[in-house]
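Notes follow the structure.
Just so you know, all these numbers are worked out from the coordinates, no wet-lab data involved. Just so we're clear, the structure is a prediction, and the values are computed from it rather than from any experiment. Heads up, the Cβs are rebuilt from the backbone with ideal geometry, glycines too, and the neighbour counts pull from every protein chain shown.
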Amino acid sequence: MTKQIILAEEMGYCWGVRRALDIITKAGNVEQPVATIGDVIHNPQIVERLKSQGVATAESVAEAAEHGYQRVAITAHGAGPARAEDAKSRGLELIDTTCPLVTKVQRLGQKLVRQGYYLVVYGDSYHPEVRGIIAWSDTTRAVAAKKVVDLPWNCARGLGEEGGIEPPRKVAVVSQTTKNVDEFLHFVGELAQMVARDGGEIRICNTICEPTSLRQNALKKLARESDAILAIGGKKSSNTARLAEVGRSYGIPSYHIERAEEIASDWLDGIENIGVTAGASTPDDVIADVVRYLQTLGYAAPDTEMLDYDLEVVPNF
């Protein structure tokens, strides 16, 4: 049999990432460089390339100011309102590349808090997107968690357990946009068992973005056609990590790599059909490098090409 490369139907840059890179690339200027606060997207190759185009990286607005930058940028993951206030107080120009889908979750979090809900953000507490959503909610009645045991409550409402901490009557859940849909549904199912008793009310808002869902669904199809899967993306990329996890959940050996050089030869032993997918912050040329490398190992070129996106067309999502 001919060894074959199979590309996922949806992979690589999403519309929001392409938009963020378009904004920051146009803003880049070696004579008047701009500093992004954190990586503009979670891909080391892109961060390195942008340096030569007048786009640097700083850990904070204060650090950027100390190094003489007059312009700073919010990354595609978003940030809390304090960042813009900090930049303004220092007289710095602010460039905002926040993905509109992240902005939507930020505004939704604010609305839910105003309606009296305790806000639960399903996601990684350390992730800049999650920190930004909680910051915009502007309340102490908000928490980030990926497991029910990490919440500040340990028993269901109305059970009257000794030493038990019950959830409040109104709880709302939103999600980090790049999380696994099935895991999110499992989480909210468990949380509902705790909240929706004794007059409790739970509101579930699936804010996992459609590009993430499309990539996960395409990955599921890829898993049915492949003997192994390579998920290409930065090690910090949450959505790329999820793609590899979904592949493994289907019993398919799945590997998260940043570049072709990381592919171990024993991964491909006995592998006829190798599936290739990529996170939403993975550049097209990095995917192409992996495909070319696999071809040097005897795999036939894929039958399909990667999709492209028109930034002039705003998606319905």
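Here the dipole of the stretch 15-100 is about 280 debye; that uses its Cα centre as origin and unit charges on the Cβ of Lys and Arg (positive) and Asp and Glu (negative).
Could you tell me whether the chain comes out rounded, prolate or oblate from its Cα gyration tensor? Rule is a ≥ b ≥ c as square roots of the eigenvalues, rounded for a/c under 1.5, then prolate if a/b exceeds b/c, otherwise oblate. All intermediate terms of the calculation are to be shown ahead of the outcome.
Working: a/c = 2.36, a/b = 1.19, b/c = 1.99.
Here the chain falls in the oblate category.
In the distance distribution for the stretch 101-204, Cα-Cα pairs more than 17 Å apart total 49 percent.
Remark: relative contact order (the stretch 77-135) = 51 percent; criterion is Cα-Cα distance under 8 angstrom and separation of 6 or more residues.
Restriction of the chymotrypsin sites (Phe, Trp or Tyr not before Pro) in the stretch 1-92 to DSSP coil positions whose beta-carbon has at most 11 other beta-carbons within 10 angstrom yields no sites.
For n ≥ 4 DSSP H runs only, could you compute -39500 (n - 2.57) per run for the chain, divide by its residues and tell me the 222 nm figure to the nearest 500?
Details: 10 runs with 117 residues, N = 317.
Computed ellipticity for the chain at 222 nm equals -11500 deg cm²/dmol.
When the chain is treated as a GNM with alpha-carbon contacts under 10 Å, the residue of 94, 243, 151 showing the greatest mean-square fluctuation is 151.
Roughly what % of DSSP beta bridges within the chain run antiparallel, to the nearest 5?
Working: 0 of 38 bridges.
The antiparallel proportion sits near 0 percent.
When the P(r) is computed for the stretch 15-100, the part past 22 Å accounts for 15% of the Cα-Cα pairs. State the answer as a single residue: which of 233, 199, 74 lies farthest towards the positive end of the charge dipole of the chain, with beta carbon charges of +1 for Lys and Arg and -1 for Asp and Glu, about the Cα centre. The one lying farthest along the dipole's positive direction is 199. Applying both filters, DSSP loop and at most 12 other Cβ atoms within 10 Å, to the GluC sites (Glu not before Pro) of the stretch 78-174 gives 161, 162. Shape index of the stretch 175-286: Rg/Rh, with Rg the Cα radius of gyration and Rh the Kirkwood radius from the inverse mean 1/r over Cα pairs, equals 1.09.
Computed over the chain, relative contact order equals 23 percent, with contacts defined as Cα pairs under 8 Å that lie 6+ residues apart.
Report the charge-dipole magnitude of the chain in Debye, nearest 20, computed about the Cα centre from +1 at each Lys and Arg Cβ and -1 at each Asp and Glu Cβ. Mind dumping the intermediate values first?
Numbers: 34 positive and 43 negative charges, 220 e Å.
Here the chain has a charge dipole of around 1060 debye.
For Cα pairs less than 8 Å apart in space and 6+ apart in sequence, what is the mean separation divided by the residue count of the stretch 54-166, i.e. the relative contact order in percent?
Working: 143 pairs, mean separation 23.6, N = 113.
Across the stretch 54-166, relative contact order equals 21 percent.
If you average the C-alpha positions of the stretch 135-180 and of the stretch 1-37 separately, how far apart do those two centres end up, in angstrom? Cα centroid of the stretch 135-180 versus Cα centroid of the stretch 1-37: 35 Å apart. In plain terms, the residue of 287, 208, 165 with the fewest other Cβ atoms within 10 Å comes first and the most crowded comes last, giving 165, 287, 208.
Taking amide H as placed 1.01 Å from N in the peptide plane, residue 256 has its amide H under 5 Å from the amide H of 231, each at least 5 places away in sequence or on another chain.
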